[in-house]
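The values are calculated or read from the model by the stated rules, or taken from the named source; none is laboratory data. The model shown is predicted, which means the values in this text are computed figures rather than measured ones. Cβ placement follows ideal geometry from the backbone for every residue including glycine, while neighbour counts extend to all protein chains displayed. Keep in mind that these areas ignore ligands, DNA and RNA; they rest on the heavy atoms of the full protein, side chains included. Shrake-Rupley method; radii C 1.70, N 1.55, O 1.52, S 1.80 Å.
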Amino acid sequence: MNKQHAKADAGKPRLSLVPTDIITAIARVREYGNAKYGDPANWKQVEPERYRVAAFRHLLAYIKDPSSKDEESGLPHLWHQACNVAFLIAMEVQDDGKS
């Protein structure tokens with residue numbers, strides 16, 4: 001039975017399918033960045049290429065040692081990579097006008 005008349009959510013992404021651990025990991029990296037830079041929106045001022053390079057750097061560190069942590073933050077490299085990828089996705093979606 002189609003219940004779209006009560007709640008129209010057909011075609012909307014099912015966010016409950018996303019593992020919540022990635023959200024927590026990105027939030028931890030963001031908390032570190034906010035403490036360091038003081039402006040929660042400053043990531044939008046960085047060129048995408050810098051996030052690509054950082055994501056690649058963290059990926060290589062993770063491949064070399066999956067349990068490795070970023071020297072500066074003490075957080076896992078994989079978490080930093082996820083955050084960089086999240087920034088890139090947000091920038092590309094914004095540029096494309098998609099959401």
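For the chain, which trypsin sites (Lys or Arg not before Pro) are both in a DSSP coil and crowded by at most 14 other Cβ atoms within 10 Å?
On the way: sites: 3, 7, 14, 28, 30, 36, 44, 50, 52, 57, 64, 69, 98; in loops: 3, 7, 14, 98.
Counting only loop positions with at most 14 other Cβ atoms within 10 Å, the trypsin sites (Lys or Arg not before Pro) in the chain are 3, 7, 14, 98.
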### Summary
Label model pair residue 95, residue 68: point-to-point distance (7 angstrom along the Cα→beta-carbon line) in nm is 2.8
### Task
Could you tally up the Lys pairs in the chain with alpha carbons closer than 21 Å? Skip any pair fewer than 8 positions apart unless they're on separate chains.
5
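DSSP loop (so not H, G, I, E, B), at most 12 other Cβ within 10 Å: list which GluC sites (Glu not before Pro) in region 44-75 pass both filters. Working shown, then result.
Values: sites: 49, 71, 72; in loops: 71, 72.
Sites meeting the loop and neighbour criteria: 71, 72.
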### Query
Got a number for the accessible area of residue 78? Probe 1.4 Å, square angstrom, nearest 10.
70
### Message
Using all alpha carbons of the chain, what is the percent of pairwise distances in each 5 Å bin, ordered from the shortest bin to the longest?
### Response
2, 12, 17, 21, 17, 11, 7, 5, 4, 3, 0
#### Entry: Cut-off under 5 Å, modelled amide H: who pairs with residue 69 long-range
77
